[in-house]
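J.: One structure coming up, written as structure tokens, with questions to follow.
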Amino acid sequence: MPLCARAVDTPPSVDVYGADFTQQYTELTKQILLASIDLERFSLNYRLKSAAQPKYRRLRFFLAQETGAACGLAFQTVAIKQFAVGRRRPLKISKPALHGALATIMTGSIIAGSDSCLELGLNGLLALKHRQEGFDPASAKSYVCDKLQQIDQLLAKRDALVQSHPDHPGYSRAVLEGKVLAELRKSFINEFATFNADSKGYTAFINTFFLLNAATNAVASTAAGLAYKGVNTPKFNGPTNILFMVTGAMIMASPLVSTLVGGLVHKHSYYSFLDRVGGEPKFDTSVLATARRQLTDKVQAEGSLVPSLPAVDRFALYSESGALFRKQIINESTTMRHLEKVAVESNLLGPIIGGTLLTQGILGTTGYYRYTFRPRKQLALDYRGAIVGCTGSSLATVGTAAWYLASLAYENHLRKKHSLPAQLIEDRLAHIDDIEKIIRAM
């Protein structure tokens, strides 16, 4: 049996409170709802914690990537000018100009790669902090499973109590209320599974990207370093262009690989948690809505001998809105994350930018190895490659700034609408507090 699958053992004696049916029933329902409140509150706080990012990350990462892109553009601009001269008069190329341009792109690559390393380290520190607070994925799953076991035991006691009093006037209403509580349990599992998978998937995506971005910039800075030597020692130009090809290929692949890793982790996290709690629950908000309406209609028609209805009905209404809440917060989070990406890591622009650098590397490699003793031919291909590379560097520079400004504008738009993910969660937590007051008054 899964660790926290719903209990099926014979429940203990139902006469646990030594009181009549109504008192026992109300107390059990109250305990179920309070345990559910604890579970829901934890799920929301877990989401809030997992969505937190290191302070000033967006600005810091934007500045680092923009610096890298701008330095690349500066190099390409100088290269075009010098190679244009060299394809006609190779001896007229300015070595100091090329040295300066290569030093610039090497510096920019080091800055961009170092920031990715910094962001990886900050993610590690944040994960350690969450673990200490009990909001890391492993602790969260353990807490949720323990709370589900508690709810299952209480539901078993409640079911046994109801079935032992089939002649009670409130029996049919208690059965309907039990259906509502069973659907609530499914909604809690569904919500946590969704939040947990989304959190782990995004964490895997962003950490994979930072790692690949750091590696890409390490290769780029190495290429620039070899090219710096190649200005005076041409034998380094062959390896330099090969590394330019590798850099372009890595830029093309990084966003795609990161997205694939994030997707696989998301899928695994979702289904592994559901397997642990006994399989995917068939939660349908329409089923919960129908059960709630049937219960309300019966109480209005016949009256109620069980005073738990207002609290159960309020909680059911809350859970019915959960599907819309989850959809909204996932949509807003996805959009925010997309806009927070700089142009280089975009699934759309990454392959294009990387493709230009890959093309530049191919042209340079071809020129060096095919026209080893024909410098004008070499420099003519280097010139064409620099034009292509300049296009990619320009796209990266402009795109990085555009993505950053778009993310700020969208965040401001959501803040004005009070629809930022953190704002939505805070509102939901406040709603939970109001419901808890009603339940404790039962």
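What follows is calculated from the coordinates using simple rules that are stated; it is not laboratory data. Being a predicted model, the structure only gives us computed values, none of them experimental. Cβ atoms come from the backbone with ideal geometry, glycine included; neighbour counts cover every protein chain shown.
J.: Run the simple label-point estimate for Lys129 and Val175 please: 7 Å along Cα→C-beta, distance reported in nm.
T.: A separation of 5.3 nm, rounded to one decimal place.
J.: What FRET efficiency, computed as 1/(1 + (r/R0)^6) with R0 = 30 Å and r the Cβ-Cβ distance, is obtained for Asn45 and Thr107, rounded to the nearest 0.05?
T.: Details: r = 43 Å, r/R0 = 1.42.
Once rounded, the FRET efficiency stands at 0.10.
J.: Rounded to a whole number of µm²/s, how large is the Stokes-Einstein D of the range 89-236 at 4 °C and 1.567 mPa s, given Rh as the Kirkwood radius over C-alpha pairs?
T.: 61 µm²/s
J.: Still on this structure: Using the beta-carbon distance between Tyr369 and Ala409 and R0 = 35 Å, what value does 1/(1 + (r/R0)^6) give for FRET efficiency, to the nearest 0.05?
T.: 0.15
J.: Here is a further query. In angstroms, what radius of gyration and Dmax does the range 203-263 have, counting Cα atoms only?
T.: Rg then Dmax for the range 203-263, in Å: 14.1, 47.
J.: Starting from the Cα-Cα distance between Ser272 and Leu120, subtract it from 0.36 nm times their residue separation and give me the gain in nm to one decimal. Let's see the in-between values first.
T.: On the way: separation 152, 0.36 × 152 = 54.72 nm, distance 2.58 nm.
Length difference between fully extended and current span is 52.1 nm.
J.: Give, in nm to one decimal, the length gained when the segment between Ala430 and Met442 is fully stretched (0.36 nm per residue of separation minus the Cα-Cα distance). The partial results should precede the final answer.
T.: Details: separation 12, 0.36 × 12 = 4.32 nm, distance 1.95 nm.
Separation in residues times 0.36 nm, less the Cα-Cα distance, equals 2.4 nm.
J.: Could you work out the relative contact order of the range 21-440? I mean the mean sequence separation of Cα pairs under 8 Å and 6+ apart, divided by the number of residues, in percent. Display every interim value, and only then the final one.
T.: Numbers: 518 pairs, mean separation 113.7, N = 420.
Reported relative contact order: 27 percent.
J.: Take Arg384, Arg376 and order them by how many other Cβ atoms sit within 10 Å, fewest up front. All intermediate terms of the calculation are to be shown ahead of the outcome.
T.: On the way: Arg384 18, Arg376 12.
The most exposed by this proxy come first: Arg376, Arg384.
J.: Taking every pair of distinct Cα atoms and averaging 1/r, then inverting, what Kirkwood hydrodynamic radius in Å comes out for the range 21-440?
T.: Details: mean 1/r = 0.0400 Å⁻¹.
Final number for the Kirkwood radius of the range 21-440 is 25.0 Å.
J.: I want to make sure I understand the PRE zone here: with the label point 7 angstrom from the Cα of Thr22 toward its beta carbon, which residues in the range 130-169 have backbone N atoms less than 13 Å away?
T.: Counting only backbone N, you get 169.
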